[in-house]
Amino acid sequence: MSDSLVEALGLAVRANLPVLLWGSPGTGKTSAVLAMGRAMDLPVEVVVGSVREPSDFAGLPVVSEGSVHFAPPRWADRLASQGEGILFLDELTTSPPAVQAAMLRVVLERVVGDLQLPGGVRVVAAANRPQEAADGWELSAPMANRFVHLDWTIEADEIGRGLTTGFPVPGSGRRVVEPTAAQSLAARTAVASFLHVRPALVLQVPRTSSAAGRAWPSPRSWETVAHLLAVTEASSASPDARLLLVSGAVGDGPALELLSWLSELDLPDPAAVLADPDGFSLPDRGDRAYAALTAVASYAVASSDAELWQAAWRVIARAAEVAPDVAVLVARSLAAHRPAGAPLPTEVQALTPVLHAAGLLT
């Protein structure tokens, strides 16, 4: 496996995002996950879906004192008692649809029966392509959309090097740095601005079962992308690892579109804009203008600061002079998040016709 793949897997697991490794049998997926657990000092519970029943994930119904509760299996109890660990769902494509359906809450919400697993429990899965698996099943679209998909590929020289000097261990290298509030906000704003430009990519449910079992864009997976952008920025991840992770969340096409668009944006720092709102110049390109204003408004709203909120209105007013259609879109969000006690700035008066047209004033 490549260095960027090892880096991407380690980053995703440390960021506590569900990861699904796709690869042929005998390529070392299970060994890599077990080694990663040792490197991260985390216990690993291996659960093979093909030999499990739905009740092993949804809980076994037990009647006690006139009521029914759903008892979790022992592997879930062990993870809960340890407080953290890796739940490794091996051979996922050999799990029948009923078992996959029972796994849904486990993967996304870390809930097994009536047991809420601790937040430190990560979920990693491995799967063979259905045509390579014993009695393989395609993944359901809801299950696939919960994972970051990574292709576990190997090359002959990598195997040769691994046999002589040791195989790389995911999670043993680059550490994940928790994104700052500003980095998380910037990432969410970037994704929101991109989807404003490309609304057709917000939701694209695949039409074939094989495509539905891999990464595809949805509001859930775009939220994952925003988290990944913040994590990779804070952790100074390599561009190749970032591409693998974003592609693993929404698919190759949407990921390439997003990252290409981001590389051309060159947006101003919203904190610097709000420090000198009268010096702000709106970018000429429509998508850059919308992204820049959205970043400024989001920063002001997140701060809950009356002075920054008023400064943001000054920026919106300047933008309305040259692009009222863009300004009103952002003004809607700003008007809906007025800090307590913040007076209306004088700039709102100049924007009154625009706000009337948008239905923000009666």
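Any read-out appearing in this document is the output of simple, stated calculations on the displayed coordinates, not a laboratory observation. Note that the structure is a prediction, hence the values are computed from the model and not measured. Quick reminder, even Gly has a Cβ in these numbers, built from the backbone with ideal geometry, and neighbours come from all protein chains shown.
A straight chain from Arg78 to Asp325 at 0.36 nm per residue would run longer than the Cα-Cα distance by 83.3 nm. Only one of [x] 182; [y] 154; [z] 145 was calculated from the structure for volume of the Cα convex hull per residue in Å³, and its label is [x]. Rounded to the nearest 10 degrees, the inclination of helix 286-303 to the longest alpha-carbon principal axis of the chain is 80 degrees. Mean residue ellipticity, 222 nm, helices only, the chain: the sum of -39500 (n - 2.57) across DSSP H runs of n ≥ 4, divided by residue count and rounded to 500, is -15500 deg cm²/dmol.
Explain nothing, just the number: relative contact order of the chain, from Cα pairs under 8 Å at least 6 residues apart, as a whole percent. Relative contact order, the chain: 17 percent. Distance between the pseudo-spin-label points of Asp41 and Ser260 (7 Å out from Cα toward the beta carbon): 4.5 nm. Each peptide among 337-345, 63-71, 118-126 gets the average number of other Cβ atoms lying within 10 Å of its residues, and from highest to lowest they stand as 118-126, 337-345, 63-71. Angle of helix 306-320 to the longest C-alpha principal axis of the chain, folded into 0 to 90 degrees and rounded to 10: 70°.
Axis angle, to the nearest 10 degrees, between helix 239-250 and the longest C-alpha principal axis of the chain: 80 degrees. Packing, as the average of other Cβ atoms within 10 Å across residues, places the peptides 91-97, 46-52 in the order 91-97, 46-52, highest first. By other beta-carbon atoms within 10 Å, ranking Leu244, Leu117 with the fewest at the front produces Leu117, Leu244.
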